[in-house]
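Right, one structure below, let's go through it.
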Amino acid sequence: MTLNSISLTLLNGTQTTFGAIADGKVALVVNVASRCGLASQYEQLEQLQAKYGPRGFVILGLPSNQFLQELSTSEAIAEYCSATWGVTFPMTEKVSVNGINAHPLYQELKVHPDDGGKSGRVKWNFEKFLVHPDGRVRRFRPPVTPDAPEIVSVIEEWLATANEA
């Protein structure tokens, strides 16, 4: 299975695929949760989307209640994200990120190691997977903020190479 062919359902019920959203862009995939102590990362995610979106970058938020910190309905999640953080990037319906019911996107992404060489289970909310259009993946654990130099430098490098292709 390729990442691009993986089906997704957006918060508003629209059916799509990862490829339709990413479509030659550098994508940052993040499992989000409205009631998590790391929810302030939404602000940084939205800033990245505003800054790099015009250059071929997209954030994809996948709400997850895997750690029991997400709101109960898609409507509540959409309202919270819009009203509290002004989120404009695409968001899917709630998904599982670990276990036998893990969403296919996470089944594929979790095989990629972080910079410490560890792959496997998503540790917590706001784990980040940066995906290049050519399929390369970089993984960043939840404490690494979206605007951290190690993420921004890869975004900028990959945008330069993605736009050359």
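Of the candidates LEU28, LEU3, the single residue that is in contact (Cβ under 8 Å) with a residue 12 or more places away in the chain, surrounded by 16 or more Cβ atoms within 10 Å (Cβ to Cβ) and more than 15 Å from ARG141 (Cβ to Cβ) is LEU3. Examine the stretch 134-152 for a residue that is acidic (Asp, Glu), touching a Phe, Trp or Tyr at 6+ places or on another chain (Cβ under 8 Å) and farther than 25 Å from THR9 by Cβ, and state whether such a residue exists. So far as the stretch 134-152 goes, yes, one or more of its residues are acidic (Asp, Glu), touching a Phe, Trp or Tyr at 6+ places or on another chain (Cβ under 8 Å) and farther than 25 Å from THR9 by Cβ.
Pick from ALA78, ALA83: which is touching a strand residue (DSSP E or B) at 6+ places or on another chain (Cβ under 9 Å) and either buried (at least 16 other Cβ atoms within 10 Å of the Cβ) or part of a helix (DSSP H, G or I) (or both)? Spell out the reasoning first.
Numbers: ALA83 fails: touching a strand residue (DSSP E or B) at 6+ places or on another chain (Cβ under 9 Å).
Only one candidate passes the filter, namely ALA78.
If you take the residues in the stretch 52-62 that are among the small types (Gly, Ala, Ser) and without any contact (Cβ under 8 Å) to a residue 40 or more places away in the chain, which one is nearest to GLN41 (Cα to Cα)? Of everything passing the filter in the stretch 52-62, GLY61 is nearest to GLN41 (Cα to Cα).
Considering only residues in the stretch 39-58 that are within 14 Å of the chain's Cα centre (by Cα) and outside any helix (DSSP H, G or I), the one that is modelled with the lowest pLDDT turns out to be ALA39.
The residues in the stretch 125-165 that are at positive phi, loosely packed, with under 15 Cβ neighbours inside 10 Å and in contact with a strand residue (DSSP E or B) (Cβ under 9 Å, 6 or more places away or on another chain) can be counted, and the count is 0. In the stretch 138-160, the residues that are of a type in the set (A, V, I, L, M) reach residues that are in a helix (DSSP H, G or I) with C-beta atoms within less than 8 angstrom, at least six apart or across chains, in these pairs: VAL144/GLU150; VAL144/ILE151; VAL152/LEU48; ILE155/LEU48; ILE155/TYR52; LEU159/TYR52; LEU159/ARG55.
With respect to (1) closer than 17 Å to LEU45 by Cβ; (2) at pLDDT 95 or above; (3) β-branched (Val, Ile, Thr), the lone exception for VAL111 is condition (1). Contact annotation: residue pairs with Cβ atoms under 7 Å, 6 or more positions apart or on different chains, pairing a residue in the stretch 63-74 that is touching a residue at least 24 places away in the same chain (Cβ under 8 Å) and under 15 Å from LYS128 (Cβ atoms) with a partner that is of a type in the set (Asp, Glu) and assigned to a loop (DSSP other than H, G, I, E, B), are PRO63/GLU70; SER64/GLU70.
The values are calculated or read from the model by the stated rules, or taken from the named source; none is laboratory data. What you are looking at is a predicted structure, and each value in this text was computed from that prediction instead of being measured. Every residue, glycine as well, gets a Cβ built from its backbone with ideal geometry; the counts of neighbours run over all protein chains shown.
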